[in-house]
Amino acid sequence: MIRDGIYYFLGLTTGGVIVAIFAGPWAGFPLFLAGAFCAWFFRDPERLLPAGPVALSPADGKVVCVVPEGDRQTRISIFLNIFDVHVNRAPIGGVIADVTYQKGQFLVASREIASEQNEQNIVTIRAEDGSKVVFKQIAGLIARRIVCYKKPGDIVQSGERVGLIKFGSRVDVIFGPEWRVEVTPGMRVTGGSSVIARRAGEVAMPEALSAALVEEAALCRT
């Protein structure tokens with residue numbers, strides 16, 4: 001269980017004990033039930049992380065669309081229902097180049113319009129070869145809080161935990177033309193374990209760019 005779940009569980013069960021003492025066991029039962037649900041909802045199972053030139057699913061859920069986006073890019077959208085694990089993971093390894101919070105609405109996350117209009121946190125990861133993958137944490141109708149543990153300059157490994165979205169949400173991943181998408185709408189994916197894209201070719205990285213990436217990470221941490 002992640003830390004947020006522990007706080008919810010302790011708070012609700014403590015409230016249940018207090019209510020049960022003053023109003024009887026049955027009066028505290030709804031709080032005990034809510035505490036048990038939070039303990040289950042905020043579960044954080046270990047995952048077997050595939051290796052190689054692949055991008056991993058950042059979350060558990062159902063692929064709701066795979067569409068062209070922008071300049072030769074492809075967007076994969078994954079809908080998380082309330083029963084899915086809501087811990088988010090980095091789709092690739094690299095340096096966090098940017099984290100941008102965008103205010104918005106709280107429409108049903110399974111709708112296509114949610115990708116643009118809902119509240120979201122946009123994380124850009126720059127790989128060692130200089131390519132970028134954009135990963136969006138998108139709030140939904142019930143989800144009202146997006147949590148991101150990372151900041152610009154942080155180095156992440158593929159499949160590493162980077163945050164969560166509470167109580168139902170959507171995750172978008174945007175790939176450039178160097179990636180070959182491996183999923184189709186309707187497929188179920190598992191965060192950190194399912195391969196959603198694979199490198200279609202190698203991209204040579206100039207030495208100057210490699211040095212710039214190292215310098216960027218160092219400056220962001222100072």
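The values are calculated or read from the model by the stated rules, or taken from the named source; none is laboratory data. Owing to the predicted nature of the structure, the values given are computational and were not obtained by experimental measurement. Counting neighbours? That spans all protein chains shown, and the Cβs are built from the backbone with ideal geometry, glycine included. SASA here: full protein model, heavy atoms, side chains in, ligands and nucleic acids out. Shrake-Rupley method; radii C 1.70, N 1.55, O 1.52, S 1.80 Å.
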- Task: Quick one: pull the percent of accessible area on the range 62-136 belonging to carbon and sulfur, 1.4 Å probe, ligands and nucleic acids left out.
- Result: 51 percent
- Query: Rounded if a/c is under 1.5, else prolate if a/b is larger than b/c, else oblate: which is the range 60-99, with a ≥ b ≥ c the root eigenvalues of its Cα gyration tensor?
  - Reply: oblate
- Message: I'm spelling it out carefully: the read-out is Cα Rg over 2.2 N^0.38 Å, the candidates are [x] 0.96; [y] 1.57; [z] 1.13, and one was derived from this structure. Which label?
- Response: [z]
- Given a 1.4 Å probe, how much area per residue of the chain is accessible, in Å²? 49 Å²
- Query: What is the range 78-126 by shape, rounded, prolate or oblate, if you read a ≥ b ≥ c off the alpha carbon gyration tensor as root eigenvalues and call it rounded for a/c under 1.5, prolate for a/b larger than b/c, and oblate otherwise?
  - Reply: oblate
- Computed over the chain: relative contact order in percent, which uses C-alpha pairs under 8 Å that are six or more apart: 24 percent
- Message: Suppose a student asked you for the relative contact order of the range 72-168, using Cα pairs under 8 Å spaced at least 6 residues apart; what percent would you report?
- Response: 37 percent
- Item | the range 149-199, accessible surface, carbon-and-sulfur percent (1.4 angstrom probe) | 53 percent
- Item | Potential extension, CYS65-LEU48 segment - 0.36 nm per residue separation minus Cα distance | 3.6 nm
- Query: Mind ordering 69-81, 96-108 by average Cβ neighbours within 10 Å, highest first?
  - Reply: 69-81, 96-108
- Note on the structure: TM-like helix rule applied to the chain (DSSP H, alpha carbon span at least 24 Å on the long axis, mean Kyte-Doolittle at least 0.0) gives 3-23
